Amino acid sequence: MPLLSRHLLGLEGVPKDDIQLILDTATSFREVLERPIKKVPTLQGKTIVNLFFESSTRTRISFELAERRLSADVVNFSADMSSLKKGETLKDTARNIEAMKIDMVVMRHAASGAAVFLSKVINAIIINAGDGAHEHPTQALLDMYSIREKHGTIQGLKVCIVGDISHSRVALSNIYGLKTMGARIAVCGPKTLIPRFIEQIGIEIFNNIDDAIKWSDILNVLRIQLERQDRAFFPSLMEYRKYFAVTRERLDKADKVITIMHPGPINRDVELSADVADSAHSLILQQVLNGVAIRMAVLYLLGTRS
C-alpha cells in the first residue's frame, strides 16, 4: 500500500496508516543495516539531490547513507559553493537542478515553508530535512521508531519534550506524529520558549522540570537554539541549566526508569548532563542508527510510487 502523499513535507495531517507503514518498512531496512553487505538495489537508476542550505552533520550523513544503501545516484549540493552566492533564487536553482533529470530532492532550509514552496515549482519528489522552526518529519519518525523499538508501542506512553519548543522543528513534528500515534504529550521549558498555540492543541505544559520528570515515561530533550533566537529568552545558560537541565540527581528523585532521547547535537551539561546522555537508559546513539533505517523507508516508499 503506497503513502497517500507524493512528498514528505511534514507530519501535520499525515494519517496514522502512513506513519505506521513508514515505521513497519523501517524495520525491514533496519535488518539490512545489520547484514555484512548493507546494500539493496531498490533505487538503482534514481538520482537524488541533497539540497542543504543550513549546516548539518547527522541528518545529511544519514540521508546520504540511506540513499547509497538503496543504490541511488547521489548528488550533494553546497549552498556556499553555488550560484546562490551570485543572487540566484531558490526557484531557479531548483529548476536548473531538475533540468538535469533528477528524481528526488532532500532539502534543508532556514525558511519555514521552503519545502512546500519547492514542491510547487518543480516536479521532483520532495523530502523535508528541516525547514526553519517549522518541521523535521524524518527526525520525528526516527524518534517514534526508537520509542516503539524500546517500549513495544507508542500508544498511551507519556512523552515530554523539554527545552526550546518555540524554535524547534523537531518539537513540532514530534507533537504532530506522537499525537497521531496515540501518545500523551507534554512540553517543559521556560514560559518564554513555549508558544501560545501549544495549550490550544491540548498539550500539557510544565514549567518545572521535576514535575515533568515525575509525569513522564520518556523525555525528549532539545538543545537551546541560540542561532534562531533574535533576543534573550532567559538570563543565561547557567540559569537555564539550574532550572531545566535533565540531570542524574533529578532522575534519581523520580524513583522510576525514564527513557532519555535527544535529536542532537547535545550541549552537554546545559540541557542534559553528560552522565545521563551516556547512561543505559539513553537512546541517543540508537536514534542515530534508526535514522538511517527510517530515511531508507521514506526514500523507498516515495521513490517506488507508480
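Descriptive notes on the structure:
- Scanning the range 182-189 turns up one or more residues that are surrounded by fewer than 21 Cβ atoms within 10 Å (Cβ to Cβ) and not aliphatic (A, V, I, L, M).
- The set of residues from the range 264-306 being closer than 23 Å to ARG169 by Cα, among the basic types (Lys, Arg) and touching a strand residue (DSSP E or B) at 6+ places or on another chain (Cβ under 9 Å) comprises just one member, ARG295.
- The range 29-44: number of residues that are in contact (Cβ under 8 Å) with a residue 12 or more places away in the chain and loosely packed, with under 15 Cβ neighbours inside 10 Å: 4
- Hey, LEU285 of a type in the set (A, V, I, L, M, F, W, C), over 16 Å from THR247 (Cβ atoms) and buried (at least 20 other Cβ atoms within 10 Å of the Cβ) or not: no
- From the options SER112, SER146, SER173, SER119, residue that is outside any helix (DSSP H, G or I) and either of a type outside the set (Val, Ile, Thr) or buried (at least 24 other Cβ atoms within 10 Å of the Cβ) (or both): SER112
- Looking across the range 45-72, just one residue is surrounded by fewer than 22 Cβ atoms within 10 Å (Cβ to Cβ), assigned to a helix (DSSP H, G or I) and either touching a His at 6+ places or on another chain (Cβ under 7 Å) or of a type in the set (Val, Ile, Thr) (or both), and that is ILE61.
- Test: residue in the range 17-33 that is over 15 Å from ALA297 (Cβ atoms) and out of contact with any Ser or Thr (no Cβ under 6 Å at 6 or more places or on another chain): no
- Leading residue by the ranking (nearest to LEU21 (Cα to Cα)) among those in the range 150-165 that are surrounded by fewer than 17 Cβ atoms within 10 Å (Cβ to Cβ) and of a type in the set (D, E, K, R): LYS150
- Set side by side, the residues ILE165, ILE161 differ, and just one is of a type in the set (A, V, I, L, M), in a strand (DSSP E or B) and not assigned by TED's automatic domain parsing to the domain that holds THR59, which is ILE161.
- Residue among ILE213, ILE185, ILE198 that is part of a helix (DSSP H, G or I) and modelled with pLDDT of 95 or more: ILE213
- Checklist (1) in a loop (DSSP other than H, G, I, E, B); (2) in contact with a helix residue (DSSP H, G or I) (Cβ under 6 Å, 6 or more places away or on another chain); (3) closer than 30 Å to LYS39 by Cα applied to VAL270, failing item: (3)
- Checking each residue in the range 14-27 for being within 15 Å of VAL292 (Cα to Cα) and in contact (Cβ under 8 Å) with a residue 12 or more places away in the chain picks out ILE22, LEU23, THR25, ALA26, THR27.
Conditions tested, residue by residue: (1) within 15 Å of ILE125 (Cα to Cα); (2) modelled with pLDDT of 95 or more; (3) assigned by TED's automatic domain parsing to the domain that holds ILE126.
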position: PRO2; (1), (2), (3): yes, no, no
position: LEU8; (1), (2), (3): yes, yes, no
position: LEU70; (1), (2), (3): no, yes, yes
position: ARG95; (1), (2), (3): yes, no, yes
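The values are calculated or read from the model by the stated rules, or taken from the named source; none is laboratory data. It should be emphasised that the depicted structure is a prediction, and the values quoted were computed from it without experimental measurement. Heads up, the Cβs are rebuilt from the backbone with ideal geometry, glycines too, and the neighbour counts pull from every protein chain shown.
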